[in-house]
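Asks: Below is the structure I would like to discuss, written out as structure tokens.
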Amino acid sequence: MRLRPGFIMGEYMQFHFASAAPNQVRFVARLVNQNDTPDDLDAAAVDGAKAARFAGRTGQVFEHFAMNDGLLARIALAGTGEVDADTRLRNVERAGAALVAKYIASGETDMVLDLGHADLSGEEAAAAIFGARLRSWRFDEYRTKLAADKRVSLTAIHVINAPAGTQEAWARASAVAEGVEFTKHLVTLPANILYPESFVAKCEEAFAGTGAKITVLDEPAMEKLGMGALLGVGQGSVRASRLLAIEWQGGVEGDAPTAFVGKGVTFDTGGISLKPPPGMEDMKWDMGGAGAVAGGMLALVKRKAKANIVAIMGLVENMPDGNAQRPGDVVTTMSGQTVEVLNTDAEGRLVLCDALHWTQETYSPARIVDFATLTGAMIIALGHDHAGVFSNDDALADQLLRAGTSTGDKLWRLPIGPAYDKLIDSPIADIKNVGPRPAGSITAAQFLGRFIKKGTPWAHCDIAGTVWSDKPGPTHEKGATGWGARLIDRMIADNFEG
């Protein structure tokens, strides 16, 4: 049974449920719990696993070759860790991902994934398939001279002995995987391909036929609304800015939606406050917040979440030219507050403040969560393992922290409060867009907080250190991590669906 159609976004794998292993496939992978010794393998395999110190720990992989009916068969074992571990689902997911990481360019074209030996629930079995799918995502669209041993060969996984409930759990998980893949795809694309207008087009294509409503504001519409901060960031670029909104009404009619707002700076030179050249190429992923929001929304829509949700993305390109805004300029935001722009490289908060105000004026959301690759200071504070979260509402912060722990998109809460306001007071305007060097991530969050209406629960996630990785991770290749899409889906699923 084929589980999903082809998905042309840089990934390759097809998944099939089967009652038995296809005769032509001579590569079988099994999941093994920690300290379980398979008793149905030949003696050489058992002895080999012991010699290789394979103990079934999370992510461990052992392989063995044997003759079967005169043909050479490949057998792989992947460790799922301890059965009663609190992180069982994540561990099983990593086992599936580890198999794909090892064999995706192995020369094997088909793998049989035997789920009948690790005492899995249906949800755990789906997690193994989910991990395999996440790790199979690659972006080779622009690579024309890959060596043979670097090319993807593994294109199909045949799932056998799946426990009851696996297919139902997989139906939901595959929708989430599609959202994560969409986030990875957007974050990976170079800035000459992905810019505000093409970002909108990618989303229109991805959400076509889903029932989601898309609204796009062009520059004249935003100018009419008074979005001087967002438009000021993009005025030095030949690429026109856009505001993109996607609505999903899956909950009770009339209930206020949850709003997710993403920073979408499709390339950030720093503007007139020009960044140094080394590493500037990384700034193609300064739209990672918008990418996370788009992917999370796609996951929710594809699985038809029973909640009302809106996703808003402020899309700009920050470039230096004769029309670019200057350090010292004062802009008027849609809220009416004025901002002294001391540093044109602190542009994300200028995009978000207008997007946040428009979101509140348009949708009166029950709560708002924004995602942004906002500050380098966040990487200094937390590195690449956690993103930072700031919030005016303890319950909302806790919901996000729990969702992050569950999905692996981990967050760490940092403070905001009136004590930081004086650091961003301007002598000539209502607010300045940067404070002093200390507490750089906090003052950025404090800036955004000035645009949140009293009584509206709000959280800001600074994801500067998590959207891109210079080395492979358990469920991603080097590059885009897909961070945030799963967090958004899980936060809604755990708290706002009936």
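Asks: Is the shape of segment 159-201 rounded, prolate or oblate, going by the alpha carbon gyration tensor and its root eigenvalues a ≥ b ≥ c, with a/c under 1.5 for rounded and a/b larger than b/c for prolate?
Replies: prolate
Asks: Give me the 1.4 Å probe accessible area per residue for segment 222-284, excluding ligands and nucleic acids, in Å². Working shown, then result.
Replies: On the way: 2540 Å² over 63 residues.
Using a 1.4 Å probe on heavy atoms only, each residue of segment 222-284 averages 40 Å².
Asks: Any idea what angle helix 122-136 forms with the longest principal axis of the chain, computed on alpha-carbon atoms, 0 to 90 degrees, nearest 10?
Replies: Compared with the principal axis, the helix lies near 70 degrees.
Asks: Rg and Dmax in Å for segment 69-140, alpha carbons only: what are they?
Replies: 13.1, 43
Asks: When DSSP assigns beta bridges and you keep just the ones with both residues in the chain, what percent turn out antiparallel, to the nearest 5?
Replies: If we restrict to bridges inside the chain, about 45 percent are antiparallel.
Asks: While we're looking at this one, here's another question. With angles folded into 0 to 90 degrees, how steeply does helix 88-103 sit against the dominant principal axis of the chain? Use alpha carbons for both and round to 10.
Replies: Computed tilt is about 70 degrees.
Asks: Once the mean 1/r over all distinct Cα pairs of segment 20-149 is inverted, what Kirkwood radius in angstroms do you read off?
Replies: When all Cα pairs of segment 20-149 are included, the Kirkwood radius is 15.4 Å.
Asks: Expected output is a single nm value to one decimal: the length gained when fully extending between Asn23 and Asp42, i.e. 0.36 nm times separation in residues minus the C-alpha distance. What is it?
Replies: Going from the current span to full extension adds 4.8 nm.
Asks: Also, quick follow-up: Given that compact globular proteins tend to follow 2.2 N^0.38 Å, what is the ratio of the alpha-carbon Rg of segment 114-243 to that value?
Replies: It is 1.48.
Asks: Counting only Cα, what are the radius of gyration and maximum Cα-Cα distance Dmax of the chain, in Å?
Replies: Both quantities, over Cα of the chain: 24.0, 84 Å.
Asks: Please work out, to two decimal places, the log10 of the ratio I(q)/I(0) at q = 0.23 Å⁻¹ from a Debye calculation in which every Cα of segment 182-267 carries one identical scatterer.
Replies: Values, matching the q order: -1.26.
Asks: Right, next: For segment 312-400, what's the radius of gyration and Dmax over Cα atoms, in angstrom?
Replies: 15.2, 46
Asks: Turning to a different aspect of this structure: Which entries in the list Lys150/Lys410; Lys306/Lys454; Lys184/Lys302 go over 21 Å, if you measure between the two C-alpha atoms of each?
Replies: Table pairs above 21 Å Cα-Cα are Lys150/Lys410; Lys306/Lys454.
Asks: Please work out whether segment 264-415 counts as rounded, prolate or oblate from its C-alpha gyration tensor, where a ≥ b ≥ c are the square roots of the eigenvalues and a/c under 1.5 means rounded, while otherwise a/b larger than b/c means prolate and anything else oblate?
Replies: Prolate shape, in that a/c is at least 1.5 and a/b is the bigger ratio.
Asks: Each residue of segment 213-223 in turn: what ³J(HN,Hα) in whole Hz from Karplus with 6.51, -1.76, 1.60 and θ = phi - 60°, glycine and Pro shown as x?
Replies: 9, 10, 10, 10, 9, 8, 5, x, 5, 5, 5
Asks: Does segment 350-465 come out rounded, prolate or oblate, given a ≥ b ≥ c as the square roots of the eigenvalues of its C-alpha gyration tensor, rounded meaning a/c under 1.5 and, failing that, prolate meaning a/b above b/c?
Replies: It comes out oblate by the Cα gyration axes.
Asks: Hey, another quick one. Could you rank the peptides 356-364, 37-45 by their average count of other C-beta atoms within 10 Å per residue, with the highest value first?
Replies: Output ranking for 356-364, 37-45: 356-364, 37-45.
Asks: Per DSSP helix of 4 or more residues, -39500 (n - 2.57); summed, then divided by the residues of the chain. What does that give at 222 nm, rounded to the nearest 500? Present the calculation step by step, with values, prior to reporting the outcome.
Replies: Details: 13 runs with 162 residues, N = 498.
The helix contribution divided over the chain gives -10000 deg cm²/dmol.
Asks: Something else now. Could you report segment 1-160's accessible area per residue, 1.4 Å probe, as an integer in Å²? Intermediate results must be reported in sequence, preceding the final value.
Replies: Values: 7690 Å² over 160 residues.
Roughly 48 Å² per residue, with all protein chains present.
Asks: Going by amide H atoms built from the backbone, whose H comes under 5 Å of the H on Asn308, apart from near neighbours?
Replies: Close amide H contacts, sequence-distant or interchain: Gly250, Gly251, Val252, Thr258.
Asks: Quick one: dipole size for the chain, taken about the Cα centre, charges +1 on Lys/Arg Cβ and -1 on Asp/Glu Cβ, in debye to the nearest 20.
Replies: Dipole about the Cα centre, nearest 20: 380 debye.
Asks: Still on this model: Non-local amide H neighbours of Val261 (under 5 Å, H modeled in plane, Pro and chain starts lacking H): which ones?
Replies: Residues meeting the amide H criterion: Ile312, Val369, Asp370, Phe371.
Asks: Provide the net charge surrounding Gly251, with neighbours chosen by a C-beta distance below 12 Å and charges set as Lys +1, Arg +1, Asp -1, Glu -1. Don't skip to the answer; put the middle values down first.
Replies: Values: positive: Lys304, Lys306; negative: Glu247, Glu253, Asp255, Glu497.
The answer is -2.
Asks: Would you mind checking the tilt of helix 348-363 against the longest principal axis of the Cα atoms of the chain, expressed as 0 to 90 degrees and rounded to 10?
Replies: Around 90 degrees separate the two axes.
Asks: Something else now. Over the chain, what relative contact order in percent results from Cα pairs under 8 Å that are six or more residues apart?
Replies: Values: 1182 pairs, mean separation 72.4, N = 498.
Taking the mean separation of contacting Cα pairs over the length of the chain, I get 15 percent.
Asks: Please report, as a whole percent, how much of the solvent-accessible surface of segment 128-245 comes from carbon and sulfur atoms (probe radius 1.4 Å).
Replies: Details: 2370 of 4760 Å².
The value for segment 128-245 is 50 percent carbon and sulfur by accessible area.
Asks: Sort 102-110, 478-486 for me by packing, meaning the mean count of neighbouring Cβ atoms within 10 Å per residue, highest on top.
Replies: Peptide ranking by packing, descending: 478-486, 102-110.
The values are calculated or read from the model by the stated rules, or taken from the named source; none is laboratory data. Since this is a predicted model, take the numbers as computed values, not measurements. No Cβ is skipped: glycine too gets one built from the backbone with ideal geometry, and neighbour counts run over all protein chains shown. For the accessible areas, the whole protein counts, side chains as well, though only heavy atoms, and no ligand, DNA or RNA atoms are used. Shrake-Rupley method; radii C 1.70, N 1.55, O 1.52, S 1.80 Å.
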